[in-house]
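Taking it in order: structure first as structure tokens, then the write-up.
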Amino acid sequence: MSRVGRLPITIPDKVQVSIEDGRVTVRGPRGELSREVSPLMSVRQEGNVITVERENDSPQQRALHGLTRSLIANMVQGVSDGFTKTLEFHGVGYRVEKRGDNIVLSLGFSHPVEVSPPPGITFDAEGTSRVHVRGSDKEMVGQVAADIRALRPPEPYKGKGIRYAGEYVRRKAGKAGKAARG
């Protein structure tokens, strides 16, 4: 039995879950999320607890068991609390500015880069060196944060670029040949 898959999902008071025809829909204070569930998995709701079960121990069903439970648990957490990814800007001239719903990034290019949030995502700029990507869909929050980071990923020599909060960038030594010549 999957250690993750067998864990029950507790539904908070302010969240409603409906399971119909292989589709799980979760409604809460931060919106509504819906997802198709594999026909190999059975999702049951008893009171305020959801359980995910599988028919047998085939490798495919074992893989889907924990995945399905995690996806549903993330939907429940997303509509009740939401998710946040924080990005930090390191380097001279690297900054972020909030303009309306969009953010404008200065990343050392010849032009500023404007990023507009997809539906369900909001940006919060903290000073000029941090931005918080918030939303109820964990997958979308992570993808938007990854897309912003991909504009200028951190480089290993000076450490400049966009990185996740708490991300460690392994630094490299630069050229050593010049000092040895003489």
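Of a type outside the set (A, V, I, L, M) and surrounded by 15 or more Cβ atoms within 10 Å (Cβ to Cβ), is that true of ARG23? When the stated conditions are applied, ARG23 does not pass them. Just one of the listed residues (VAL37, VAL4, VAL49) is within 20 Å of GLU139 (Cα to Cα) and either buried (at least 18 other Cβ atoms within 10 Å of the Cβ) or over 21 Å from the mean Cα position of the chain (by Cα) (or both), namely VAL37.
Once the range 82-97 is narrowed to residues that are assigned to a strand (DSSP E or B) and among the hydrophobic types (A, V, I, L, M, F, W, C), the residue that is nearest to SER110 (Cα to Cα) is VAL96.
With the requirement that a residue be touching a helix residue (DSSP H, G or I) at 6+ places or on another chain (Cβ under 8 Å) and among the polar types (S, T, N, Q), what does the range 20-33 give you? Spell out the reasoning first.
Taking the range 20-33 and keeping what is touching a helix residue (DSSP H, G or I) at 6+ places or on another chain (Cβ under 8 Å), we get 24, 26-33.
Matches in the range 20-33: none.
With respect to ALA173, is the statement that it is among the aliphatic types (A, V, I, L, M) and either under 23 Å from the mean Cα position of the chain (by Cα) or under 30 Å from ARG27 (Cβ atoms) (or both) true?
No, not satisfied.
Apart from one condition, ARG95 fits all of (1) basic (Lys, Arg); (2) farther than 30 Å from LYS14 by Cβ; (3) surrounded by fewer than 16 Cβ atoms within 10 Å (Cβ to Cβ); (4) touching a residue at least 24 places away in the same chain (Cβ under 8 Å); the exception is (3).
For the range 70-81, check the following and say yes or no: at least one residue is outside any helix (DSSP H, G or I) and in contact (Cβ under 8 Å) with a residue 24 or more places away in the chain. Yes, some residue in the range 70-81 is outside any helix (DSSP H, G or I) and in contact (Cβ under 8 Å) with a residue 24 or more places away in the chain.
For PRO117, state whether it is free of Cβ contacts under 8 Å to residues at least 12 places away in the same chain and either outside the structural domain of ARG35 (by TED's automatic domain parsing) or in contact with a His (Cβ under 6 Å, 6 or more places away or on another chain) (or both).
Values: free of Cβ contacts under 8 Å to residues at least 12 places away in the same chain: no; either outside the structural domain of ARG35 (by TED's automatic domain parsing) or in contact with a His (Cβ under 6 Å, 6 or more places away or on another chain) (or both): yes.
Considered against the rule, which asks whether it is free of Cβ contacts under 8 Å to residues at least 12 places away in the same chain and either outside the structural domain of ARG35 (by TED's automatic domain parsing) or in contact with a His (Cβ under 6 Å, 6 or more places away or on another chain) (or both), PRO117 comes out as no.
The values are calculated or read from the model by the stated rules, or taken from the named source; none is laboratory data. Since we're looking at a predicted model, the values are computed, not measured. Cβ: placed from backbone, ideal geometry, glycine included. Neighbour counts: every protein chain shown.
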